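The block underneath contains the structure these notes are about, expressed in structure tokens.
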Ligand code: HEC
């Protein structure tokens, strides 16, 4: 009797450990996809990329890179910039706009995005804020890069 429990114990422990690890793994996977926090990039792709490209050339709205650069120039903290951007996306107006009024003349005012909740808006806004722009951040350049900067701000 004692022999059996002794031999069983280690394998049982291993099994439990494996289960625990599998559990951990799947919870963290879940968190990364839909459950808790919406993914900003995904929200962007689904709701914003019809009009916004990330880098120039633009479609029917200013590309997100220069917009992000603008926000980082104007607001000193990410929290402030993101809060402002969320507010703008809910109810865009010319007065609130941070991009040059040229952009509004060129593209028109952005329509409000009623289908998104606060979490999704905060997620996209945070993701936009993090998009590299402004020379140093640009990295892996393509041929047309030099022309980009003044273009859409
Ligand atoms: C139907 C086209 C369209 C869609 C969809 C759209 N936008 Fe825009 N967006 C615009 C246009 C046009 C502008 C430029 C004029 C302006 O600032 O309102 C703009 C400007 C912006 C700006 C700059 C705001 C400022 O300070 O002037 C941000 C930030 C932005 N969009 C974020 C988003 C996000 C995030 C989404 C998706 C949730 C989105 N947009 C979806 C057309 C669109």
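Here, each number is a calculation from the coordinates, and none is a lab measurement. Owing to the predicted nature of the structure, the values given are computational and were not obtained by experimental measurement. Positions of Cβ are backbone-derived with ideal geometry, glycine not excepted, and every protein chain shown enters the neighbour counts.
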| request: Express the relative contact order of the range 38-134 as a whole percentage, based on alpha carbon pairs under 8 Å and six or more residues apart in sequence. | output: 41
| note | For the residue 77, residue 105 Cβ pair and Förster radius 25 Å, calculated FRET efficiency rounded to 0.05 is 0.25
| query | Quick one: if you stick a label point 7 Å off each Cα along the C-beta vector at residue 59 and residue 84, how many nm between them? | reply | 2.6
| task | Treat the count of other C-beta atoms within 10 Å as a stand-in for reagent exposure and order 46, 72 from fewest to most. | result | 46, 72
| message | Could you tell me the center-to-center distance, by alpha carbons, between the range 32-80 and the range 91-119 in angstrom? | response | 13
| request: Starting from the Cα-Cα distance between residue 95 and residue 49, subtract it from 0.36 nm times their residue separation and give me the gain in nm to one decimal. | output: 14.2 nm
| said: Just to verify a number: FRET efficiency for residue 41 and residue 14, C-beta to C-beta distance, R0 = 41 Å, to 0.05? | reply: 0.60
